[in-house]
Amino acid sequence: MRWSTRPCFHSASAWARSSKALRYLPAWASWRKRSVAGVLVGHPFDTVKVRLQVQSMEKPQYRGTLHCFQAIIKQESVLGLYRGLGSPLMGLTFINALVFGVQGNTLRALGQDSPLNQFLAGAAAGTIQCVICCPMELAKTRLQLQDAGPARTYRGPLDCLAQIYRQEGLRGVNRGMASTLLRETPSFGVYFLAYDVLTRTLGCEPGDRLVVPKLLLAGGTSGILSWLSTYPVDVVKSRLQADGLRGAPRYRGIVDCVRQSYQAEGWRVFTRGLASTLLRAFPVNAATFATVTVVLTYARGEEARPEGEAVPATSAAPAGPTLAQPSSL
């Protein structure tokens, strides 16, 4: 397996600033629609994950993933599974643009496309996007856990963050930032490294009729490996961000949360909600990576041709741009 010296992803930000970007607005709109669809499909699994992660074993509400689904639908209707949906939808475009832009630019700055640099570029992207991700997930978590009906505390993600800011200031809005950094930095490194290794191993070559299924498999598997690499930290993050929602705060920080959780429930507490997370991770990440790869391939294919130059009549190339190797995107 040989690593190319070229970066894995073409810079989305630099490309978007060019005049050619207007040609690909339909493609980017398609990417956004698919991303939104991924959030809509995956959010119920995330709601189940968060509720399982933070429930107290002294008075457990749910016996497992399936029971949690059934209980939420029975007590709150299907809409209960979509609590807090507004928050990830608001941050979706910014986070995707930030992650793929930072990863590509960092990889170019490092100069060589190697496994270590793939990890470092992904880790840099994960670190930077925490600025948006942490407040977004704080609002999402609070909305997913609040009581339904007139007793609810927050009317939406912006109202949630506004109330937290008035009561606790910027520190409250960034509650869980340290645990978010501990989760996102290594997990995004694993995310991009695994995708790069898998696309090379599967042989995602130009003109391969199975290239899209291969990209889906690589993206979905990368998402699962990413979550597995730091899942216990995600449990701690959820507990810290939910702390104080009902009653007085229990935890003084990450270490105290880990200690209290382990003493009360043992090591299994750090795997709570894992099943629903993995069920969500594969389809959402498969769609994200495959769509980004294909869209940027079309952009790269057209930009490589000088403005106004026609395709030679004798060319045997297919009508559309061929899929570039992942290492050249």
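The values are calculated or read from the model by the stated rules, or taken from the named source; none is laboratory data. Keep in mind that what you see is a predicted model, and the values were worked out from it rather than measured. A quick note on method: Cβ atoms are made from the backbone with ideal geometry, for glycine too, and the neighbour counts reach across all protein chains shown. For the accessible areas, the whole protein counts, side chains as well, though only heavy atoms, and no ligand, DNA or RNA atoms are used. Shrake-Rupley method; radii C 1.70, N 1.55, O 1.52, S 1.80 Å.
What to note about this one:
- Heavy-atom surface analysis with a 1.4 Å probe gives segment 135-244 a carbon and sulfur content of 63 percent of its accessible area.
- Net lengthening on full extension, residue 201/residue 71 (0.36 nm per residue, minus Cα-Cα): 42.6 nm
- Cβ-Cβ distance of residue 93 and residue 250, R₀ of 35 Å, FRET efficiency by 1/(1 + (r/R0)^6): the value works out to about 0.50.
- Spin-label zone in segment 275-291 - amide nitrogen under 13 Å from a point set 7 Å from the Cα of residue 41 along the C-beta vector: 279-291
- Spin-label model, residue 114 to residue 264: label points 7 Å out along the Cα-to-beta-carbon direction sit 4.6 nm apart.
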